[in-house]
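The block underneath contains the structure these notes are about, expressed in structure tokens.
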Amino acid sequence: MSRTMTTVALPRPIPPHRSSSGIVTLSAPIALEAINAQQVSSAAPAPIPNKHIPVCPTGPAPAREPNTPPPSPGRETERHNERRRSSLLYPPDKFERLESGSLCLYKIRPADVAAAVDYLSRQPLPDPALVFPWFHGLHPSNHIQQTFFASRSKTVRQIPNCLRGITLVKADGDLSTARLKGALAPNEFMQSGSDGEFVEVDPREGFSVRNFQIQAAKTAVTSDIIVYGEDAGLVRKWAWEIASAQAKWRKKHESIPKYNTFICVSPFREFENKHSEIVTVNSEGLLTGAVVDFFHQERLEMYSMTKATEISRNVWMGPTPEPSSEEEQSYDILIECSDLGRLNPGALQAIAEGTNEEVKQPFLDFPSSGSILPPTWSHAEADGILDTCKWLWHLSHGTLPLKSDPDVDGDSNMSDASSVTEVEMRPSRRILIHCADGYTESTMLGIAYFSYSTGRPVHEAWMDLHTKMKRNFFAYPTDVSLLTTIAHRLLHESPICSEKSLLEITNLVRNEPKWLASLDGSFPSRILDYMYLGNLGHANNPDLLKAMGINQILSVGETAMWRDGELESWGADNVLAVEKVQDNGIDPLTKEFEKCLEFIERGRRNGTATLVHCRVGVSRSATICIAEVMRSLNLSFPRAYCFVRARRLNVIIQPHLRFVYELLKWEEMLQLRRQWAENVHDAGRGIRRELEWGEIAREIASMNRPYAR
């Protein structure tokens, strides 16, 4: 009977194939896919088939006495509330003023736009306690959301008066071309046909602490707004409507600061020529690379993580290379694993037995991981996998099996590679096993061939492919069941095991480690060599962790349940538990960063890796991992977020709104610490964000949309 193991991967419909390897450093502009005005990001790649957004439990509501009123803001909170963010746009006295009745606009030049955007990026963000839970979205009709946050101060639930951002608006709404940093289309925050009204973006029903999709609009109503475009009439039309909306909003919320509307009708080429640092997409519709783009940053990280590596002699695994690229040309045979692939070992045999002139660079296919389903697979499918491995071996080693004598039925017996004498043939071939992202669809063939070509049993091949060959991957339950079923044949027919007896091979297959029996999911995700991100199931399998070189566990809000004696054998000093932090959008995590990162650093100094986990492994623990990546690699939040997101493999990391905001504050602290450590006391340096809050949240929402159920 085969052993069945499960993973946390959920199958999803497979999107049309798109190569993921055409990601290069943006030293030159690159083309964007066309988008319409309602889309909030550009150049969205095809979603990775297996990724999914898990449900993150919020945990119990914060404890409080039913008759105790919420705490009133202390003096420190009041002092912060009075300290509003400064801006080069306020007061707007130096700008030319245009009036229409009670409304007014201000003219602004590209140089002043660029200066104001840069100045804003250097201003500290308000304390999280001042802007949450308002950022979560507190619609007065949404009683679920309102009740959940009832323990917070009523003054905090009002619009924070400490906010003053800058929102750039492209009048024609076409963000696929001539797009400035963080620019919105008017219909993202303005009601259509309302003669000047902001949209009501707070959800009217349901509960969520991950309302990333509403943040750009919420930021717009607490910002000075700059409308730009080539059509002066259209720019003025939208500007007057926005000024009207601001006046109505201020009348409705009298305590908020006064925000103003500006117009910039200068040619866009002036931004391109003189202020390219704030140009995201140029006038030709090409990404400039001057402004970090989440989609392309994730693909860069994905390609860096899964770039092709040689797993066995002349056999490589990696992402699909760009057609006709130098990388593609470096291989003699390319085998793409896909949902539409089929078993066709005969094609490999024909190449091996043919002449060099017959086939120059064949492009073959193979079934995707998870597509050969138990218990319906046939002996023919098992034979096809084994024969594929056999011919991959011969092609990569430059050998050719001698044909054996026909049996009584006239068929040649070619199933037992270990009994076939080989002769030298023409030079060996370089073979690439590939799929769109470099791991999702090629796992089954990769593990099968690694086991066959190295003589390792499946469980050992699985572990070594990750730990020794440094390939990041996971297996579907069907793959594990299939591979463990044919594990005996993989070794019996492997040329490496040709001198092993049947009993020796049987013992290899049967000698399974303890971690395999209790494995209930995929491996934890390697974020850094010394830090893994995983879930509670991974934490509950200490034998698996030790096999992976993980000897420390950092539990964030959740505690592993081990058997008696396991903690003692593990060592209590190697376990750190962060308690009373729920994924509820209320509990802060910043105050735990120092303790957690020092624990991770302790493991690195001791030459071991640390598992960072919560319940699901996507929010609380992901936040800690992002914080460490920001610290250790000196990355901004957007880049660290994409770094961790790419390496979480089969699930989408989901730090909620407050955690993301806290990470932006952490970035400020890291920048100031580095300057102090470098003995840099230039007051002009200070902090600098790559992107602002509204744009970051908007990009995250757009990236997650393809995976939302």
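Stretching the chain fully between Lys546 and Cys104 yields a gain of 152.4 nm (0.36 nm per residue, less the alpha carbon separation). In terms of its C-alpha gyration tensor, the range 457-509 comes out oblate, because a/c is 1.5 or above while a/b does not outweigh b/c. Exposure proxy shown here: for Thr167, Thr454, Thr309, the number of other Cβ atoms within 10 Å sets the order, fewest to most, as Thr309, Thr454, Thr167. With a cut-off of 14 Å between beta carbons, the residues surrounding Lys591 carry a summed charge of -2, where Lys and Arg count +1 and Asp and Glu -1. Within the range 525-690, antiparallel bridges make up roughly 20 percent of the DSSP beta bridges whose residues both belong there.
For His466, neighbours were defined as the other residues whose beta-carbon sits under 13 Å from its Cβ, and their charges (Lys and Arg +1, Asp and Glu -1) total +3. Compared with the alpha-carbon gap, the fully stretched path from Leu402 to Trp676 is longer by 91.6 nm at 0.36 nm per residue. Computed from the alpha carbon positions, the gyration tensor of the range 158-239 leads to an equivalent ellipsoid with semi-axes of 24, 14, 13 Å, biggest first. Across the cross-link table entries Lys470/Lys580; Lys181/Lys248; Lys218/Lys248; Lys218/Lys251, which are compared at the Cα atoms, the separations over 25 Å belong to Lys470/Lys580; Lys181/Lys248. Near Glu99, once Lys and Arg are set to +1 and Asp and Glu to -1 for all other residues with Cβ below 14 Å from its Cβ, the sum equals +2. Note on Arg97 and Ser283: with the Förster distance fixed at 25 Å, the Cβ-Cβ geometry gives a FRET efficiency of about 0.25. Shown is the FRET efficiency for Thr559 and His139, computed with R0 = 51 Å from the Cβ-Cβ distance and rounded to the nearest 0.05: 0.90. Rounded to the nearest 0.05, what FRET efficiency is calculated for Ala708 and Glu512 with R0 set to 30 Å and r the Cβ-Cβ distance? Computed FRET efficiency for Ala708 and Glu512 comes out at 0.20. In terms of other Cβ atoms within 10 Å, Ile433, Ile586 run from fewest to most in the order Ile586, Ile433. Each Lys and Arg adds +1 at its Cβ and each Asp and Glu adds -1 at its Cβ; summed about the Cα centre, the range 525-690 shows a dipole of about 560 debye. For the range 530-626, state which GluC sites (Glu not before Pro) are in a DSSP loop and have at most 16 other beta carbons lying within 10 Å of their beta carbon. Here the sparse-neighbourhood loop sites are Glu579. Cross-link partners for Lys274 among the aspartates and glutamates, with Cα-Cα distance under 13 Å and sequence neighbours closer than 8 places in the same chain left out: Asp112. Working from the Cα coordinates of the range 525-690, the gyration tensor eigenvalues give, after taking √(5λ), semi-axes of 28, 17, 14 Å in decreasing order.
All of the numbers you see were taken from the coordinates with simple rules; none came from a lab. Keep in mind that what you see is a predicted model, and the values were worked out from it rather than measured. Backbone-built Cβ (ideal geometry, glycine too); neighbour counts: all protein chains shown.
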